[in-house]
Amino acid sequence: MVTCALNGVLTDPAKFNVPVTPDEMAEAAYGAYNEGASAVHIHFRDQREKKGHLPTWEPDVAARVTDAIKTRCPDIIINYTTGTIGDEGVFGGGDLGPVGGPVSCLEAGRPHMAAMNAGSLNYLRATSKGGKWAWPPMMFGNPVEKIQQMVDAMERLDIVPECECFDTGIVRSIKMFHQVGILKKPIHLSLVMGVASGMPAKTEWLPLLLDEIDDDVHWQVIAIGRQDEVWPLLRRASELGGNVRTGLEDTFYLPDGTRAETNAQLVAELVKVVRETGREPAR
C-alpha cells in the first residue's frame, strides 16, 4: 500500500507546492492516485487565512475537503491527521481542545482511517549553526487517557486507527494497548522515522523494530528528511514486506536530490522503488 501525505501541518504553500483549498486537495489526491497511491493522509489548513500555512480544526473545512477528494477520486482511501500540540490555539485543537477538535473533524468528514498518535514525544530540533533550537521546544503530548478517547471516537465512527509511532518505546507500547483492550486487531502501525528527536531514518533499525511488532500487524514506514535517508529506507521497507508513504509532508526531494514540484512526482518515484523490489502497489 502506497500512501501520499499531501500537505503536512506547517509546510508553507508560499515556498512549496502543497495543497490548501478543497479543490487543490482533490487535484493533488487525484494526481497521487493516478501515479499509484491508494491512500492520502491529509491535514486541514485555515481557509480564511490568506497564506494557508496555519492548521485548522473546523469541521466544515474537513467536510468540504473530504467531499472534494471523494468527488474527484472516489476510490482513494482518506486518512485524517489528529495530531495536536499543547492545549490551546490552532495547534492544540482549536476551540474544542486537543481531543474535541480532531474528533469534530472525524465526525464531519468520516474518513476511512485516521492517525492515532500512540505516545508522547519532546518535539525538538537544533540548528546546525549557533547551537540554538530551530523552534521553541514542544511537547507532542499523547497520554494514555487521550489515546483511549481517540480510539473510542474512531471505533464509534467506524474509522480505522493508524497507530503512529515516533520512538521505540511507543512501538513497544502497541502490544500493551492491545493487551489491556484499548486496541483491537487488526492493528495498523506506522514507524515514523527521521524526526530529529525520535527514531532515526536508518535502514539498519528496521529489522530491530520489526522484532517488536506482532507478525499479524500491518506496518508502514513514514520516512522524514533528506533524499539520502528517505529513499533507501523506503526501499528497505518494501523489501521487508511493509507499506510505504511519501509526499510533501515527509520530504521535498526526489531520489536524485532535485526538489519535487508535486506530490504526484514523489509517488511516481516511490512506485518505481516498490516495483524494483518485486512488489506491486495495492489497488
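Just so it is clear, none of the values below were taken in a lab; they were calculated from the coordinates. On a predicted model such as this, the values are computed, not experimentally measured, just so you know. Glycine gets a Cβ as well: all are built from the backbone with ideal geometry, and neighbour counts include every protein chain shown.
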Original post:
Got a sec? Which of Ala282, Ala223 is small (Gly, Ala, Ser) and within 15 Å of Ala32 (Cα to Cα)?
Top reply: Ala282
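Yes/no matrix, rows are residues, columns are (1) in contact with a helix residue (DSSP H, G or I) (Cβ under 7 Å, 6 or more places away or on another chain); (2) free of Cβ contacts under 8 Å to residues at least 40 places away in the same chain; (3) farther than 21 Å from Gln265 by Cβ:
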site: Met176; (1), (2), (3): no, yes, yes
site: Gly181; (1), (2), (3): no, yes, yes
site: Val192; (1), (2), (3): no, yes, yes
site: Leu210; (1), (2), (3): no, yes, yes
site: Asp215; (1), (2), (3): no, yes, yes
site: Ile222; (1), (2), (3): no, no, no
site: Leu233; (1), (2), (3): no, no, no
site: Gly241; (1), (2), (3): no, yes, yes
site: Thr246; (1), (2), (3): yes, no, no
Original post:
For region 48-88, how many residues are part of a loop (DSSP other than H, G, I, E, B), in contact with a Ser or Thr (Cβ under 9 Å, 6 or more places away or on another chain) and under 24 Å from Ala153 (Cβ atoms)?
Top reply: 3
**OP:** State all residues of region 231-283 that are among the hydroxyl-bearing types (Ser, Thr, Tyr) and closer than 17 Å to Glu204 by Cα; if no residue qualifies, say none.
**Re:** Ser238
**OP:** Select from region 19-55 the residues that are touching a Cys at 6+ places or on another chain (Cβ under 6 Å) and buried (at least 24 other Cβ atoms within 10 Å of the Cβ) and list them in ascending order.
**Re:** Ala29, Ala32, Tyr33, Ala37, Val40
**OP:** Working carefully through the options Lys51, Lys70, find the one that is free of Cβ contacts under 8 Å to residues at least 60 places away in the same chain and either farther than 16 Å from Ala28 by Cα or β-branched (Val, Ile, Thr) (or both).
**Re:** Lys51
Original post:
Applying the selection to region 254-283, what residues are touching a Lys or Arg at 6+ places or on another chain (Cβ under 8 Å), crowded, with 19+ Cβ neighbours inside 10 Å and part of a loop (DSSP other than H, G, I, E, B)?
Top reply: none
Subject >> Residues located in region 16-47, provided they are under 17 Å from Thr81 (Cβ atoms), of a type outside the set (Val, Ile, Thr) and in a loop (DSSP other than H, G, I, E, B) >> reply: Pro19, Ala37, His43, Phe44, Asp46, Gln47
Subject >> Number of positions in region 134-173 that are buried (at least 22 other Cβ atoms within 10 Å of the Cβ) and more than 23 Å from Gly93 (Cα to Cα) >> reply: 1
Subject >> Flag if Glu58 is surrounded by fewer than 24 Cβ atoms within 10 Å (Cβ to Cβ), over 19 Å from Val103 (Cβ atoms) and out of contact with any His (no Cβ under 9 Å at 6 or more places or on another chain) >> reply: no
